[in-house]
Amino acid sequence: MGELLFDYQIDAVRRMHNGCILVGDVGSGKSRTSLAYYFKEQGGSIDPFKPITKVKEPLYIITTAQKRDLLDWEKESIPFLFPEKAKVDSWNNIKKYVDVEGAFFILDEQHICGTGAWVKSFYKIAKKNRWILLSATPADTWTDLIPTFVANGFYRNKTDFCRQHVIYDRWSKYPKVDRYVNTGKLIKYKRQTLIDMEYSTKTIKHKEYITPSYDKELY
């Protein structure tokens, strides 16, 4: 895809699909990679360059309030010459888009865990639109992936997931996960969902140890 993307980003675009989580460290270029995927899905091409003349799916980007206000996404989209400006908004306003249909959603800095209002809005959006998630830390536990797995149709709901995989600690006074079972199935779904960006920095750490002077008597 030309000089716009690094090789590892091109590789990620080729492996991406609807309902995936693009995983990459800070500085790996998740934003530009996700825009390149959208660009490709709308009929654009970078090598040779072929701009989008008419988008098939309008683009909605849900991100942090800071990224929205700093116009980070608008800057990243400039090289692709999008004919129509994407709608960029913060996670706090995700509920405003639950009635949108036939669009493409990029959900940045993934904040969909648990069963809160954001997750409920995400489920409604996922049913009627295509979507991808971006995250540097997609999950600490299997239960963190429940919303993504449910939205992909792997499970009917959280109850279905827990019935198949969660054993609770029977001695605990509150619902506490003791262990997970049938993890082979979970690993399979995780591999299908997570698209890792093989990003390696070329910087070399240079350490300096400095001992400052101080007033010993006062200390």
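The values are calculated or read from the model by the stated rules, or taken from the named source; none is laboratory data. Please read all numbers here as calculations on a predicted model, not as lab measurements. As a convention, Cβ positions derive from the backbone with ideal geometry for all residues, glycine included, and neighbour counts pool all protein chains shown. The accessibility values were calculated without ligands, DNA or RNA, using every heavy atom of the protein model including side chains. Shrake-Rupley method; radii C 1.70, N 1.55, O 1.52, S 1.80 Å.
Yes/no matrix, rows are residues, columns are (1) over 20 Å from residue 126 (Cβ atoms); (2) touching a Phe, Trp or Tyr at 6+ places or on another chain (Cβ under 8 Å):
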residue	(1), (2)
154	no, yes
157	no, no
161	no, yes
175	yes, yes
179	yes, no
194	no, no
198	yes, yes
215	yes, no
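Just one of the numbered conditions (1) open to solvent by less than 20 Å² (accessible area, probe 1.4 Å); (2) at pLDDT below 85 is not true of residue 219: (1). Does region 53-72 contain any residue that is in a helix (DSSP H, G or I) and in contact with a helix residue (DSSP H, G or I) (Cβ under 6 Å, 6 or more places away or on another chain)? No, the conditions are met nowhere in region 53-72.
Scan region 176-188 and tell me whether some residue there is over 27 Å from residue 5 (Cβ atoms) and crowded, with 18+ Cβ neighbours inside 10 Å. Yes, region 176-188 contains a residue that is over 27 Å from residue 5 (Cβ atoms) and crowded, with 18+ Cβ neighbours inside 10 Å. Tell me which residues, restricted to region 189-201, are exposed (fewer than 11 other Cβ atoms within 10 Å of the Cβ) and either farther than 17 Å from residue 142 by Cα or at pLDDT below 95 (or both). Scanning region 189-201 gives 200, 201. Does residue 160 count as surrounded by 11 or more Cβ atoms within 10 Å (Cβ to Cβ) and over 26 Å from residue 39 (Cα atoms)? In short, yes.
Figure legend. Inter-residue proximity from region 107-119: first residues of a type in the set (Gly, Ala, Ser), second residues open to solvent by 60 Å² or more (accessible area, probe 1.4 Å) and part of a loop (DSSP other than H, G, I, E, B), beta-carbon distance below 7 Å, spacing 6+ or different chains. No pairs are indicated. Looking at region 145-219, the helices (runs of 4 or more DSSP H) lying wholly inside it that each contain 2 or more residues that are of a type in the set (Lys, Arg) and under 21 Å from the mean Cα position of the chain (by Cα) sit at 183-193.
Which residue is surrounded by the most Cβ atoms within 10 Å (Cβ to Cβ), if the candidates are limited to region 18-73 and must be under 15 Å from residue 197 (Cα atoms) and among the polar types (S, T, N, Q)?
Among those residues, the one meeting the criterion is 33.
Of the listed requirements (1) assigned to a helix (DSSP H, G or I); (2) closer than 22 Å to residue 25 by Cβ, residue 119 misses just one: (2). Cβ-Cβ distances below 8 Å connect the following pairs, each with a first residue in region 171-189 that is acidic (Asp, Glu), a second residue that is outside any loop (DSSP other than H, G, I, E, B), and a separation of six or more residues or different chains: 178/167; 178/168.
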